[in-house]
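First the structure, in the form of structure tokens, and then the observations on it.
Derivation of every value follows stated rules applied to the coordinates shown; laboratory data play no part. Note that the structure is predicted; figures quoted are calculated from it, not measured. Using ideal geometry, Cβ is built from the backbone for each residue, glycine included, and neighbour counts are taken over all protein chains shown.
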Amino acid sequence: MASEEKQSVRWGILSTAKIATKVARAINLADGAELTAIASRTEERAKNWASEHNVGTAYGNYEALLEDPEIDAIYNPLPPSMHAEWTIKAAEQGKHVLCEKPLEANIEKSIAMTDACQQHNVQLMDGVMWVHHERTARMKEVIEGGALGRLRRVTAAFTIGWDTIPEDNIRVKEELAGGCLGDLGYYCVRCILWAFDDLPTQVFATARYYRGVELNLSGTLWFEDERIASFDCAYDTASRRWFEVAGTQASIVCDDFVIPRQEDSSRFWIHGAHGRNEEHKGGGCIQEVRMVERFSDIVRTGQLEPRWPTEAINTMRVCDALNESARLAQVVQIG
């Protein structure tokens, strides 16, 4: 849809999943976006959610929402194993798709999603919110500006600290493509690729499993020019969500990169030689609102941005290799 006017992009959401509430708030707060419809597997659930969130239209099945000619963009927060099916169906109906991460269960299905969106001339973006934060752009400027020297290492962690395993949670269901790698490690892998702006040549991972899904995983990624990265992700370790990008002269550290502790402020540090530390503070930014606004601008102008499906595919490619490595207990080449 292209228009010179700043008209609202009309959004529909597939499923009343918990994350849908967060993104619904973002759509309502975003400039140039309007939440128009919700779909669930039952009409009763859809109507209840619509009433609670002041949404005008509720559908008791996903197909009806996709067939609605009044909808421009879809947010897909379904379980990962269902992402390809419903993203492809949305693309076939001419809907642009913001898809929750991980993009899918494996790289083959992820490529099928991107191919379908490209074929039908619609935008695909994965829902990695932190990359849209203003702070992220500022940190990237520091990295690219050379203040760190030659980049040597990226280290990242994202863990959430379950006291007990929630048996009914989709995160621990193998048939729904659960597991901490796609759920939490996906953010760490994206961070590493974002910092190095490159794909690794090989990876190695170790994991502890619960009913076929990763409960705890650590990975190492090797890049050209003697660069290296490592990360860990887990459901059974205390909450952590930090990264460090280290060069030959200084390092940049962010201790809440996935979810900022406050919406009205942000921060990161530059640690230099001789104990010199600089704290950088910024203003407020609701990263999911910025994500929706960026996506809506793409839909409104019709100027598709290939970087988003490319970054999602690259993240999936690395995650696939890490998953293979952990299960085979051997180094896996990429390329």
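Points worth noting:
- What the Cβ-Cβ distance of residue 92 and residue 43 gives, at R0 = 35 Å and to the nearest 0.05, is a FRET efficiency of 0.90.
- Lysines whose Cα lies under 19 Å from that of residue 281, excluding same-chain neighbours fewer than 8 positions away: 140
- For the range 9-129, the spread of Cα positions along each principal axis, largest first, Å: 38, 27, 27
- With 0.36 nm allotted per residue and the present C-alpha distance subtracted, the residue 144-residue 165 stretch has 3.5 nm of extension available.
- Each Lys or Arg adds one and each Asp or Glu subtracts one; over the other residues with Cβ under 12 Å from the Cβ of residue 131, this totals +3.
- Three-way shape call for the range 157-259 based on the alpha-carbon gyration tensor, with the a/c threshold at 1.5: prolate
- Counting only residues at least eight positions apart within a chain, or on another chain, the aspartates and glutamates with an alpha carbon under 18 Å from that of residue 95 are 34, 63, 67, 68, 70, 72, 85, 115, 126, 293, 297, 305.
- Gain in span if fully extended, residue 305 to residue 248, counting 0.36 nm per residue against the direct Cα distance: 17.2 nm
- In sequence order, the range 90-104 has phi-based couplings of 5, 4, 5, 8, x, 9, 6, 10, 9, 10, 4, 7, x, 4, 7 Hz under the Karplus curve 6.51 cos²θ - 1.76 cosθ + 1.60, θ = phi - 60°, and Gly or Pro positions carry x.
- Here the label points at residue 54 and residue 199, each 7 Å from Cα along the C-beta direction, are separated by 4.6 nm in the simple model.
- Residues of the range 47-87 falling in the label zone of residue 174, defined by backbone nitrogen less than 20 Å from a point 7 Å along Cα to beta-carbon, are 79-83.
- Eligible lysines near residue 89 by straight Cα distance, threshold 27 Å, same-chain separation 8 or greater: 18, 22, 47, 101, 109, 173
- Cα-based helix-to-principal-axis angle, 287-301 vs the chain, degrees rounded to 10: 60
- The mean sequence distance of close C-alpha pairs (under 8 Å, at least 6 residues apart), as a share of the length of the chain, puts its relative contact order at 20 percent.
- Extension gain (nm, one decimal) between residue 31 and residue 210, 0.36 nm per residue minus Cα-Cα: 60.2 nm
- Derived scalar couplings ³J(HN,Hα) [the range 66-83; Karplus, 6.51 cos²θ - 1.76 cosθ + 1.60; whole Hz; x for Gly, Pro]: 5, 7, 6, x, 7, 9, 9, 9, 10, 9, 10, x, 5, x, x, 5, 10, 4
- For residue 127, the residues whose amide H sits under 5 Å from its own are 99, 100, 101, ignoring neighbours fewer than 5 places away on the same chain, with H placed 1.01 Å from N.
- Between helix 186-196 and the chain: long-axis angle, C-alpha atoms, 0 to 90°, nearest 10: 60
- Degrees separating the helix 107-119 axis from the principal Cα axis of the chain, which is the longest one: 50
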